[in-house]
Amino acid sequence: MNFKRAFCWLIAVLFWSFAHAAELVDLDAVAHTLAPTGELRVGVYLGSPTSMVIDPKSGEVNGVAIGLGHALAEAIDRPVRVVRFDRVAQVIDALKHEQIDMTFTNATAVRAQDVDFTPALIRLELGILVVAHSSVQQFMDVNDAAFRLGVAKGSSSQSVLGTKLRTTIVGVDSLEQAQRMLTAGELDGFATNKGILFELNARLNGFKVLDDRWGLENLAIAIPKGRSSAMPFLLDFTRRQRQTGSIDAYAQRSGLRGIAKD
């Protein structure tokens, strides 16, 4: 009986220790690792609901990266500073050189050479935006050298589609530039994740997002290399963000569409 009691007590202690592991973390050490300047610098770029969008009517700023950034800053008891860039490649470069402390972006093998990622929190479909009257009905219909397909410079879409298609790939400096070029007829389409495409389509007239997809993005929190000591805390943080429904709330507030259902 004594052995059984001792065994049950040991199991209870182990369970409590696991459940309260985050509470036993040296929060000051974690905060210093994740926000060494004293504030958590969150890198974003305008036009993507996964990063940063501005409601044209209310002026409200949202984005999954912004929501996660504020939540993480609160968790480590540090102020947050949102740092804005023109495109995602600039965000990754800034993260690589520790000019920012975190972002939320597509976790690719190439990017993982420069930054560290948590497990994916959102899976997002990749698609194409075309003129509404276009004969293009699916992804492979754009496999023509005469088709001018816009992509963000330095994006994962640019590197992948450059090897998949004979299409003329046109790199653009920002989503604002993509909008101008599509409106002016300088591009026949634009390719990226559907979250951005639906956001872009809402600001254009006479365009559509194709129903099919040519791939998936696995979006995760990214931090600079050399901060792995804070990763156990981040893993617990992301678990709590999923369990509480916070990720879904950030996505809903930012108007994110195109989340993969399979």
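The values are calculated or read from the model by the stated rules, or taken from the named source; none is laboratory data. Predicted, not measured: the structure shown is a model, and the values here were computed from it. FYI the Cβ positions are ideal-geometry reconstructions off the backbone, even for glycines, and counts take in every protein chain you see.
Mind listing just one residue for me: the one in the stretch 117-165 that is of a type in the set (S, T, N, Q) and assigned to a loop (DSSP other than H, G, I, E, B) and, of those, nearest to Gly226 (Cα to Cα)?
By that ranking, first place goes to Thr118.
All told, Arg166 falls short of being surrounded by fewer than 19 Cβ atoms within 10 Å (Cβ to Cβ), within 21 Å of Arg257 (Cα to Cα) and out of contact with any Cys (no Cβ under 7 Å at 6 or more places or on another chain). The set of residues in the stretch 117-152 being out of contact with any Asp or Glu (no Cβ under 9 Å at 6 or more places or on another chain), crowded, with 20+ Cβ neighbours inside 10 Å and under 21 Å from Leu175 (Cα atoms) consists of Leu129, Val151. Might you check whether a residue that is surrounded by fewer than 22 Cβ atoms within 10 Å (Cβ to Cβ), part of a loop (DSSP other than H, G, I, E, B) and touching a Ser or Thr at 6+ places or on another chain (Cβ under 8 Å) occurs anywhere in the stretch 70-86? Scanning the stretch 70-86 turns up at least one residue that is surrounded by fewer than 22 Cβ atoms within 10 Å (Cβ to Cβ), part of a loop (DSSP other than H, G, I, E, B) and touching a Ser or Thr at 6+ places or on another chain (Cβ under 8 Å).
For the stretch 16-29, the condition of being more than 17 Å from Thr118 (Cα to Cα), modelled with pLDDT under 95, of a type in the set (S, T, N, Q) and not assigned by TED's automatic domain parsing to the domain that holds Asp86 holds for at least one residue. Remark: pairs (first residue in the stretch 61-86, assigned by TED's automatic domain parsing to the domain that holds Ile247; second residue surrounded by 20 or more Cβ atoms within 10 Å (Cβ to Cβ) and aromatic (Phe, Trp, Tyr); Cβ separation under 6 Å; 6+ apart in sequence or on different chains) = Val64/Phe104; Val64/Tyr250; Ala65/Phe104; Gly67/Tyr250; Leu68/Phe104; Ala75/Phe237; Phe85/Tyr45.
Would you check if Arg203 is modelled with pLDDT under 95, assigned to a loop (DSSP other than H, G, I, E, B) and either under 23 Å from His70 (Cβ atoms) or not β-branched (Val, Ile, Thr) (or both)? Yes: the conditions hold for Arg203.
Within the span defined as the stretch 185-192, one or more residues are surrounded by 15 or more Cβ atoms within 10 Å (Cβ to Cβ) and within 30 Å of Leu235 (Cα to Cα). For the stretch 51-65, the candidate set comprises residues that are assigned to a loop (DSSP other than H, G, I, E, B) and closer than 13 Å to Leu200 by Cα; within that set, the residue that is nearest to the chain's Cα centre (by Cα) is Asp55.
Among the conditions (1) closer than 26 Å to Ile259 by Cβ; (2) surrounded by fewer than 24 Cβ atoms within 10 Å (Cβ to Cβ), the only one that Thr103 does not satisfy is (2). Which residues, counting only those in the stretch 212-249, are among the polar types (S, T, N, Q) and more than 24 Å from Leu27 (Cβ to Cβ)? Passing the criteria: only Asn218.
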